[in-house]
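Notes follow the structure.
The values are calculated or read from the model by the stated rules, or taken from the named source; none is laboratory data. In this text, all values refer to a predicted model and were calculated from it rather than measured experimentally. We place every Cβ from the backbone using ideal geometry, glycine too, and count neighbours over all the protein chains shown. Quick note on the areas: whole protein, heavy atoms, side chains included, nothing else; ligands and nucleic acids left out. Shrake-Rupley method; radii C 1.70, N 1.55, O 1.52, S 1.80 Å.
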Amino acid sequence: MPGPRVDDTLDEDVRSLFSLPRDVAYLNTAYMGPLPLAAVEAGWMALDRKAHPWTVVADDFFAPGETYRGLVADLLGADADGVAITPSVSYGLSTFASMLAIERGQVVVVPAEEFPSNLIPWVVAAERVGAAVVRAPVTGEGGFTDALVAEIYRLGDRVALVAAPPCHWTDGRPIDLVAVGRATRSVGAALAVDVCQSLGAVPFDAAAVQPDVVAGATYKWLLGPYSLGFAWFAPRWRDGLPIDHGWTNRAGAEDFTSLTALADGYRAGARRYDAGESAQHTQMPVALASLRLVSGWGPAATALHARRLTDRIAEGATALGLGVAPPEQRSSHLIGLHLAGTGLDAPTLAAHLADAQVHVSVRGPSVRISAHRFNDDGDVDRLLASLAAAIRTPRSR
């Protein structure tokens, strides 16, 4: 059973910043993060302003977005000029796909069973020109890192793009993006990274990874609203053609009196790739409140906190006979419990846990469990007790 509890990385009671009842173990941020109370309050205030639209001024179309770019850039270890405001991961990657010159016979390499948002844009782009998408399978103990690197070197200069996340979305198997990026550059290919399942919960270093594009969304680990995301573009990709031709991404858009004349050119940096209505008057204040909170905790501290909890979960699940990857093949914040050989059915097990107010996801053959800064030992205790009860319950088989 659990050993002595250690002090958390922050002194404040983080759970009290959320509407999380004590009898609910929400270990499912990988599905959708809960809004902090401060973000909910910001949302109500934003809706109230929309009810009084004369209080919304011209600066509200641009200034909050610049704050948003800065907070996202800090979490990426990148520059704010490279950040575009998008509604989703797929929007940012589709924008990049529209600029990437893929030729007939070339390939895009992705991890096997990759999430559709980081797959479909490349499938569509490849099919358009007679290229192909290669899904790198895990065949040994090296995990997805070795699988991707092996495919890159096997295919050589046929590779136009490698698309990968920091960890696999189904069970958190980590991917060493520094190693993948190094191999990608060696064959002259571009690197696209989907950080939707990691940014905010673990550190990211754009300078070390050297990606061409990084896309994410706020509604998971950044604890923000649905339908608001971002994409960071490396400097050499900031003069392309947007896929959305709105007015706010054009040069001089800040001057409302000049909007009757079509401006030449775009706003600086990746702002040209902003989606239409990027001001998001009712969503942006919610996202900013959450981003400030997550940034204040610090991804490194959050990762340490989550690692302690997921290590406890892994130890307890192993004792119950469930399959868990070894520590070097697990992410700090996201792990999968594998049921092969146990006689358990993943969907039925997840339903049993939900009945006990333990909320997780089933993705592929694994039960996916994710821990954020608001989770604590009480959540782990409730999960392990519910798993033990489920194993003893005939209906879980």
**Study point:** Residues within the range 125-144 that are farther than 19 Å from Pro165 by Cα and among the basic types (Lys, Arg), tallied
**Key:** 1
Point to revise | Whichever residue in the range 221-243 is aromatic (Phe, Trp, Tyr) and not in a loop (DSSP other than H, G, I, E, B) and, among such residues, is surrounded by the most Cβ atoms within 10 Å (Cβ to Cβ) | key: Phe230
Exercise for review: Take Gly246 and decide whether it is over 30 Å from Asp264 (Cβ atoms) and either open to solvent by less than 30 Å² (accessible area, probe 1.4 Å) or of a type in the set (A, V, I, L, M) (or both).
Suggested key: no
Check your understanding: Which of the residues that make up the range 136-153 are among the hydroxyl-bearing types (Ser, Thr, Tyr) and either over 12 Å from Gln329 (Cα atoms) or not in a helix (DSSP H, G or I) (or both)?
Key -> Thr139, Tyr153
Review point. Which is within 19 Å of Pro327 (Cα to Cα), assigned to a loop (DSSP other than H, G, I, E, B) and not hydroxyl-bearing (Ser, Thr, Tyr), of Gly188, Gly172?
Key: Gly172
Exercise for review: Give me a count of the residues in the range 176-198 that are open to solvent by 10 Å² or more (accessible area, probe 1.4 Å) and within 12 Å of Ser331 (Cβ to Cβ).
Suggested key: 2
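Mind checking which residues of the range 70-83 are open to solvent by less than 40 Å² (accessible area, probe 1.4 Å) and not in a loop (DSSP other than H, G, I, E, B)? Break it down into steps so the answer makes sense when it comes.
Taking the range 70-83 as the starting set, the residues that turn out to be open to solvent by less than 40 Å² (accessible area, probe 1.4 Å) are 70-73, 75-76, 78, 80, 82-83.
If the condition is that a residue be open to solvent by less than 40 Å² (accessible area, probe 1.4 Å) and not in a loop (DSSP other than H, G, I, E, B), then Gly70, Leu71, Val72, Ala73, Leu75, Leu76, Ala80, Gly82, Val83 are the ones that fit.
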Exercise for review: Tell me which residues, restricted to the range 295-305, are among the aliphatic types (A, V, I, L, M) and either open to solvent by 50 Å² or more (accessible area, probe 1.4 Å) or outside any helix (DSSP H, G or I) (or both).
Suggested key: Ala300, Leu304
Exercise for review: Kindly check whether there is at least one residue in the range 251-259 that is buried (at least 18 other Cβ atoms within 10 Å of the Cβ) and of a type in the set (A, V, I, L, M, F, W, C).
Suggested key: yes
Revision key, fill the gap. Note on the range 356-379: residues assigned to a helix (DSSP H, G or I) and buried (at least 23 other Cβ atoms within 10 Å of the Cβ) are Asp379
Study note, to complete from the structure: If you go through Glu114, Glu103, Glu127, the only one that is surrounded by fewer than 22 Cβ atoms within 10 Å (Cβ to Cβ) and part of a loop (DSSP other than H, G, I, E, B) is Glu103
Review point. Out of the residues in the range 247-294 that are in a helix (DSSP H, G or I) and among the basic types (Lys, Arg), which is nearest to Arg69 (Cα to Cα)?
Key: Arg271
Practice item. Please work out which one of (1) over 30 Å from Ser386 (Cβ atoms); (2) hydrophobic (A, V, I, L, M, F, W, C); (3) surrounded by 21 or more Cβ atoms within 10 Å (Cβ to Cβ) is the condition Ala39 fails and give its number. Key: (1)
Check your understanding: Do we find that Val187 is hydrophobic (A, V, I, L, M, F, W, C), in contact with a strand residue (DSSP E or B) (Cβ under 9 Å, 6 or more places away or on another chain) and without any contact (Cβ under 8 Å) to a residue 40 or more places away in the chain in this structure?
Key -> yes
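Quick grid of which residues meet (1) within 21 Å of Ser88 (Cβ to Cβ); (2) modelled with pLDDT of 95 or more:
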{"site": "Ala125", "(1), (2)": "yes, yes"}
{"site": "Val133", "(1), (2)": "yes, yes"}
{"site": "Val138", "(1), (2)": "no, no"}
{"site": "Glu141", "(1), (2)": "no, no"}
{"site": "Leu148", "(1), (2)": "no, yes"}
{"site": "Ala164", "(1), (2)": "yes, yes"}
{"site": "Gly181", "(1), (2)": "no, yes"}
Point to revise | Only listed residue being within 30 Å of Val294 (Cβ to Cβ) and in contact (Cβ under 8 Å) with a residue 12 or more places away in the chain, chosen from Val138, Val124, Val162, Val108 | key: Val162
Review point. Here are Arg135, Arg154, Arg173: which of them is more than 23 Å from Ala73 (Cβ to Cβ), buried (at least 20 other Cβ atoms within 10 Å of the Cβ) and charged (D, E, K, R)?
Key: Arg173
Check your understanding: Only one residue in Thr95, Thr86, Thr29, Thr67 is modelled with pLDDT of 95 or more, open to solvent by 40 Å² or more (accessible area, probe 1.4 Å) and not basic (Lys, Arg). Which one?
Key -> Thr67
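So that you can scan it fast, the table gives a plain yes or no per residue for (1) part of a loop (DSSP other than H, G, I, E, B); (2) in contact with a helix residue (DSSP H, G or I) (Cβ under 9 Å, 6 or more places away or on another chain); (3) among the β-branched types (Val, Ile, Thr); (4) touching a residue at least 24 places away in the same chain (Cβ under 8 Å):
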| site | (1), (2), (3), (4) |
| --- | --- |
| Ala314 | no, yes, no, no |
| Thr318 | no, no, yes, no |
| Ala325 | yes, yes, no, yes |
| Ser331 | yes, yes, no, yes |
| Gly336 | no, no, no, yes |
| Ala340 | yes, no, no, yes |
| Leu349 | no, yes, no, yes |
| Ala354 | no, no, no, no |
**Study point:** Some residue of the range 306-314 being surrounded by fewer than 19 Cβ atoms within 10 Å (Cβ to Cβ) and among the β-branched types (Val, Ile, Thr)
**Key:** no
Practice item. Output the number of the condition that Asp212 fails; it satisfies all remaining conditions of (1) more than 23 Å from Ser331 (Cα to Cα); (2) under 11 Å from the mean Cα position of the chain (by Cα). Key: (2)
